[in-house]
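The values are calculated or read from the model by the stated rules, or taken from the named source; none is laboratory data. None of the values given here were measured: they were computed from a predicted structure. Backbone-built Cβ (ideal geometry, glycine too); neighbour counts: all protein chains shown.
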Amino acid sequence: MFSSITISLTSQFLIACSVAGEPYDAWVAEPAPALNALPATTGTSLTAEELAAIAKSSPTPPYTGFTAGVRAPDGAIWIGTPQGLLYRSGDGAPWRVFHSRHWLPDREVRGVALASDGSVLVETPKGIGRLAKRRTTLDEKMAEIRRRLRQYHIREGLIGEIQLKEPGRVDAGWSLSSSDNDGLWTSLYVAAEAYRYGVTGDEEAKRNARQSLDALLFLEKVTGISGFAARSIWPAGEGVDANKMFGGEWHLSADKRWWWKGDTSSDELDGHYFAYAVYYDLCADEREKEEIRAVVARITDHIIDHGYYYVGPPGRPTTWGVWAPEKLNRDLKWILDRGLNSLEILSHLKVAEHMTGSARYKDAAHELIEKHSYATNTVDQKVVWPVREVNHSDDELAFLAYYPLLWYERDPELRKYYLTSIERSWQIERPERSPLFNFIYAAARQANTWTDPTKRPEAARVEPGDYDRDELTEWFREVPADTIKWRVTNSDRQDLGDLVTNRFRQRRTRHVLPVSERHIMRWNGDPYELDGGGDGHERDDGTFILLPYWMGRYHRLID
């Protein structure tokens, strides 16, 4: 199923028949025909006695209080409940839940009918919805996500979510605002398109990546402070005051043409270094490499010259731009950040060394490792206790830092520390079935034997079961391509067992639900969270899907 069969060779790029082009059937929500009531169903309507028996059967249905039910000719059953639509493909198969506006006009299901074409018509208080299976491929799905991103989610080269004027309707109008992490989200998109270029050689992918790379470069240029990158920018003009519009710390550029947002965090720099590294190795020509090399050197010099602090106006360290030994190793307020921030700065220094060849960055890392135990600090970077401090945003930052560090580091003794660190972190994250984290983990192991970071590996070099390839393939097939944020409620399910709470006091389960049954979130979100989403007024840009897909393709982990 997952074998690669060479079908053609275009330039230096191998086009392969793989899981990316393998057709599969995906459930989609489609406009229903204009009906006042459900038509007669194909298949067999379930009796009250049959519904009662199913309610007591195994596996436990997510909801009971059944309102209707139909058995399809192939034995699959569809059941309506006040909390959503349930589907089971056969006896003993797991249940699937359709229970948000992503799938239905309303989660309350009053009736179900099967159409002759295999689609499912669902009666709700807000009208009749329709679910249908449509044949597609992962490459087609990614192309559609990318098309919508390019159409709606770009502002000055920066990438972000949009706000819709009417719930669920992009065609009714939308706007793109500023966020604290515009630099981070844009960085992930740069990397996604760089990986796509590395796989396909498509010049469009490089142009897209370059457009947003220019935005990242401008974030450092606009501040007028060498090596200090802004969080975000906004055009200045008569009557425009970004401080009043968005809040936070905003400054006018020297030419008065831009507002730029300060108090830049380590989150942003994790993204910048990650994007610069991937673009540098996969896309950049010699002129571009010099351009990236220069900005990476300025940022890294800024950090070193300021004693491992990120210092913005008016000469103060930013809130989270801290990698200094006196803080990480000797200040109890920073004890929970010790491992992550040690990992970050060692990764940043390794990127700078890789690009510039300067001994300054190698010597700085050596001092942090030998005098301040930063390599040792990385081993237990993943915080697991107390539970209220478990931070999924930090998980994303850690794995973005792991990638270039372990892709570039060749010292066998240091690799032992870093591999121990990522092994521990990934085993904790593994139940989340995150394709981004899993592929970064697999790439780190791949680098044990593939030692040229500037060339695409010729094979995975890691066993599929060692990074859960099949589960990740299913994730890509199940994640909704439409990334409008609708409210999803799972805490009222009866098939979850005991529940706990996260650091925001929100209820969470002990096992991760399928991605199709969770609300839309980036990789800084908590996948165990049961309830969340929105009212259809926001739409995510979809990079959280594109980045791991093209990373996995580049490293031949899903080929």
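Quick notes
- Residue match in segment 292-309 (condition: assigned to a strand (DSSP E or B) and within 28 Å of T356 (Cα to Cα)): yes
- Residues in segment 433-459 that are in contact with a helix residue (DSSP H, G or I) (Cβ under 7 Å, 6 or more places away or on another chain), assigned to a loop (DSSP other than H, G, I, E, B) and on the phi < 0 side of the Ramachandran plot: A447, P453, T454, R456, P457.
- Residue in segment 458-474 that is of a type outside the set (F, W, Y), closer than 30 Å to M355 by Cα, surrounded by 18 or more Cβ atoms within 10 Å (Cβ to Cβ) and in the same structural domain as G271 (by TED's automatic domain parsing) present: yes
- Taken together, F439, F399 contain a single residue that is under 17 Å from the mean Cα position of the chain (by Cα), under 20 Å from D337 (Cβ atoms) and aromatic (F, W, Y), which is F399.
- Number of positions in segment 226-247 that are closer than 18 Å to D267 by Cα and in a strand (DSSP E or B): 1
- Just one residue in the set L513, L530, L496 is under 18 Å from I428 (Cα atoms), of a type in the set (A, V, I, L, M) and crowded, with 18+ Cβ neighbours inside 10 Å; that residue is L513.
- Residue pairs meeting the criteria (Cβ under 8 Å; at least 6 apart or on separate chains; first more than 18 Å from Y309 (Cβ to Cβ), in segment 336-363; second outside any helix (DSSP H, G or I) and among the basic types (K, R)): G339/K382
- Candidate set: segment 298-327, residues that are surrounded by fewer than 18 Cβ atoms within 10 Å (Cβ to Cβ) and of a type in the set (G, A, S); chosen: the one farthest from T376 (Cα to Cα): G315
- Qualifying positions in segment 49-78 - surrounded by fewer than 17 Cβ atoms within 10 Å (Cβ to Cβ) and of a type in the set (K, R): K56
- When P314 is tested against (1) at pLDDT below 95; (2) within 23 Å of R424 (Cβ to Cβ); (3) not polar (S, T, N, Q), exactly one condition is not met: (2).
- Options S100, S175, S119: the member that is among the hydroxyl-bearing types (S, T, Y), crowded, with 22+ Cβ neighbours inside 10 Å and at pLDDT 95 or above: S100
- Some residue of segment 248-270 being within 14 Å of V351 (Cα to Cα), within 28 Å of the chain's Cα centre (by Cα) and either part of a helix (DSSP H, G or I) or among the hydroxyl-bearing types (S, T, Y) (or both): yes
- Residue within segment 435-448 that is polar (S, T, N, Q), within 30 Å of A284 (Cα to Cα), loosely packed, with under 13 Cβ neighbours inside 10 Å and outside the structural domain of L85 (by TED's automatic domain parsing) present: no
- First in segment 518-531 and in contact (Cβ under 8 Å) with a residue 60 or more places away in the chain and farther than 21 Å from D267 by Cβ, second anywhere and in a loop (DSSP other than H, G, I, E, B) and among the acidic types (D, E), Cβ under 9 Å, 6 or more apart: H519/D531
- If you go through segment 312-333 and keep only what is within 19 Å of E367 (Cβ to Cβ) and touching a residue at least 40 places away in the same chain (Cβ under 8 Å), you end up with V322, W323, P325, L328, N329.
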